[in-house]
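Structure first, then comments.
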Amino acid sequence: MKPVRHPDAPLPGELLGAHYEQCFGCGGAQSHGLHLEARAGEGVTVIAEFTVQPAHQGAPGLAHGGVLASALDETLGSLNWLLRTIAVTGRLETDFVRPVPVGTTLYLEAEVTAMAGRKIYSTATGRIGGPEGPVAVRADALFLEVEVEHFVHHGREEEIQAAMSDPDQVRRARAFEVNP
Ligand SMILES: CCCCC/C=C\C/C=C\C/C=C\C/C=C\CCCC(=O)SCCNC(=O)CCNC(=O)[C@H](O)C(C)(C)COP(=O)(O)OP(=O)(O)OC[C@H]1O[C@@H](n2cnc3c(N)ncnc32)[C@H](O)[C@@H]1OP(=O)(O)O
């Protein structure tokens, strides 16, 4: 099935914000996190930027591959905002095409390519040097739609309680709820 942007999705260019303040990918409360900032694009696409910090190294002066995969995963996850669904990564296949030095800004783009029942297929690229620069990383992913209970059931009690007693977090979780 062709992906369809939800009628109440954020407008193209709109900053999506963090889905959870403690998220390693997008949260403001993680000092060594990626602090990835994503914006809605046209259709079912998002764009995002992330600058590699010294805390993200694998080899001297170069980004760790797992961190780059996290940046792709987070960007792909942000597509949830445009579908207004809650989905988690089931599969993430990553190509590392060029090394990414510390200090580099990665220009990321992600798009939903197909949907089938609870399955959401998507693809992403990360470019260096500018939004039109060469591709350094890319990924194909399968996300699976889940109920909000997925997090309540599997998460650790203390973080769940803290999230549920934070009105901002409850508001953010509602923004994802499936309500056609
Ligand atoms: C109270 C506080 C709440 C706070 C939350 C608030 C907001 C957050 C909401 C949304 C988040 C928004 C943005 C997120 C942004 C970025 C985050 C990055 C995303 C992540 O980083 S998220 C963490 C990593 N992620 C996981 O932690 C998942 C662990 N995992 C599981 O939880 C299960 O594994 C699950 C649910 C994935 C599937 O389990 P399941 O039981 O539902 O699925 P099931 O087996 O029924 O399969 C159904 C069909 O999918 C096919 N299928 C399944 N898995 C497949 C695979 N791997 N490869 C190929 N096909 C696969 C089957 O083959 C079948 O296909 P078919 O229908 O054709 O037979």
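The values are calculated or read from the model by the stated rules, or taken from the named source; none is laboratory data. This is a predicted model, so every value here is computed, not measured. So basically every Cβ, Gly included, is an ideal-geometry build from the backbone, and we count neighbours across all protein chains shown.
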Condition first: assigned to a helix (DSSP H, G or I) and either more than 25 Å from Glu132 (Cβ to Cβ) or not hydrophobic (A, V, I, L, M, F, W, C) (or both). Can you find one or more residues in region 29-47 that meet it?
no
Can you name the residue in region 129-155 that is touching a residue at least 40 places away in the same chain (Cβ under 8 Å) and small (Gly, Ala, Ser) and, of all such residues, is nearest to the ligand (Cβ to nearest atom)?
Ala141
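With respect to Thr75, is the statement that it is within 16 Å of the ligand (Cβ to nearest atom), in contact with an Asp or Glu (Cβ under 7 Å, 6 or more places away or on another chain), of a type in the set (Ser, Thr, Tyr) and outside any strand (DSSP E or B) true? Please lay out each step first, then the result.
Details: within 16 Å of the ligand (Cβ to nearest atom): yes; in contact with an Asp or Glu (Cβ under 7 Å, 6 or more places away or on another chain): no; of a type in the set (Ser, Thr, Tyr): yes; outside any strand (DSSP E or B): yes.
When the stated conditions are applied, Thr75 does not pass them.
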Considering region 31-68, residues that are free of Cβ contacts under 8 Å to residues at least 60 places away in the same chain and of a type in the set (Val, Ile, Thr), and then whichever is farthest from His19 (Cα to Cα), we arrive at Val52
Quick one: would you say Thr89 is among the β-branched types (Val, Ile, Thr), near the ligand (Cβ under 10 Å from one of its atoms) and at pLDDT 95 or above?
yes
If you scan region 98-119, which residues turn out to be farther than 19 Å from Asn80 by Cβ and part of a strand (DSSP E or B)?
Pro101, Thr105, Leu106, Tyr107
Going through region 111-121 in order, the residues found to be under 15 Å from the mean Cα position of the chain (by Cα) and within 11 Å of the ligand (Cβ to nearest atom) are Ile120, Tyr121
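Mind checking whether some residue in region 120-127 is part of a strand (DSSP E or B) and either modelled with pLDDT under 95 or over 20 Å from Arg91 (Cα atoms) (or both)?
Yes: one or more hits.
Quick check: anything in region 110-118 within 14 Å of Leu34 (Cα to Cα), crowded, with 18+ Cβ neighbours inside 10 Å and hydrophobic (A, V, I, L, M, F, W, C)? So that I can check it myself, show each step before the final result.
We begin by selecting, within region 110-118, every residue within 14 Å of Leu34 (Cα to Cα); these are none.
Checked against the condition, which is being within 14 Å of Leu34 (Cα to Cα), crowded, with 18+ Cβ neighbours inside 10 Å and hydrophobic (A, V, I, L, M, F, W, C), region 110-118 yields no hits at all.
Would you confirm, using the coordinates I've provided, whether Arg138 is surrounded by 12 or more Cβ atoms within 10 Å (Cβ to Cβ) and within 26 Å of His56 (Cβ to Cβ)? Break it down into steps so the answer makes sense when it comes.
Values: surrounded by 12 or more Cβ atoms within 10 Å (Cβ to Cβ): yes; within 26 Å of His56 (Cβ to Cβ): yes.
Yes: the conditions hold for Arg138.
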